[in-house]
Amino acid sequence: MDIGVLRRDGRTDPFFDGTAAGRLVIRRCEACERWYAPDAGGCPECGEEDLAWADASGEATLVTWTAVHGRPAEDGTAPPPAHLALVELAEGPWMYARLDGVSGGDLREGLPLRACFEHPDEGESYVLFRPAG
Ligand SMILES: [Zn+2]
């Protein structure tokens with residue numbers, strides 16, 4: 001599935017520097033040691049507005065998912081559906097990401113996943129999740 005070319009917007013530089021290096025970097029509140037998704041803007045627990053960036057383990061479990069059907073090619077063949085998932089990182093935050101190397105029948109809630117990284121020719125690298133093991 002073509003998700004378009006990702007461009008960094010300044011605010012997300014540490015995240016994309018991480019994905020370029022094959023690391024999943026998410027937000028962390030140093031004040032109360034809670035982890036947040038990469039797009040978190042602040043800590044709702046203690047009110048800290050300046051969250052740090054820190055390496056996550058890349059381990060996650062599947063929460064829910066949806067199959068996204070792409071447009072058929074010009075010759076009429078349908079591409080295999082892409083799977084867009086909501087995953088729970090081992091550190092606790094939830095984030096949306098594409099799944100890789102799965103078919104619909106493999107998927108179940110709680111499936112162990114591991115982060116992997118796609119490095120397109122154009123645009124930023126991004127994270128995908130594959131079944132672990
Ligand atoms: Zn906090």
Subject >> Exclusive hit being of a type outside the set (A, V, I, L, M, F, W, C) and either within 16 Å of the ligand (Cβ to nearest atom) or part of a helix (DSSP H, G or I) (or both), set 41, 133 >> reply: 41
Original post:
With respect to the numbered conditions (1) over 27 Å from residue 101 (Cα atoms); (2) buried (at least 19 other Cβ atoms within 10 Å of the Cβ); (3) more than 10 Å from the ligand (Cβ to nearest atom), which one is the sole condition not fulfilled by residue 56?
Top reply: (1)
Original post:
Just one of the numbered conditions (1) among the basic types (Lys, Arg); (2) exposed (fewer than 11 other Cβ atoms within 10 Å of the Cβ); (3) within 16 Å of the ligand (Cβ to nearest atom) is not true of residue 71; which one?
Top reply: (3)
Original post:
Which residues, taken from segment 86-125, are farther than 19 Å from residue 37 by Cα, buried (at least 16 other Cβ atoms within 10 Å of the Cβ) and touching a residue at least 40 places away in the same chain (Cβ under 8 Å)?
Top reply: 107, 111
Subject >> Residue satisfying condition, being within 15 Å of the chain's Cα centre (by Cα) and among the hydrophobic types (A, V, I, L, M, F, W, C), within set 51, 99 >> reply: 99
Original post:
Of everything in segment 71-105 that's part of a loop (DSSP other than H, G, I, E, B) and aliphatic (A, V, I, L, M), which residue is nearest to residue 41 (Cα to Cα)?
Top reply: 90
Original post:
residue 21 is checked against (1) more than 16 Å from residue 126 (Cα to Cα); (2) at pLDDT 95 or above and fails just one. What number does that condition carry?
Top reply: (1)
Original post:
Which one of these does residue 10 not meet: (1) of a type outside the set (A, V, I, L, M); (2) at pLDDT below 95; (3) closer than 30 Å to residue 67 by Cα?
Top reply: (3)
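The values are calculated or read from the model by the stated rules, or taken from the named source; none is laboratory data. Fair warning: this is a prediction, and the values are worked out from it, not measured in the lab. Neighbour counts are summed over all protein chains in view; Cβ atoms, including those assigned to glycine, are modelled from backbone coordinates with ideal geometry.
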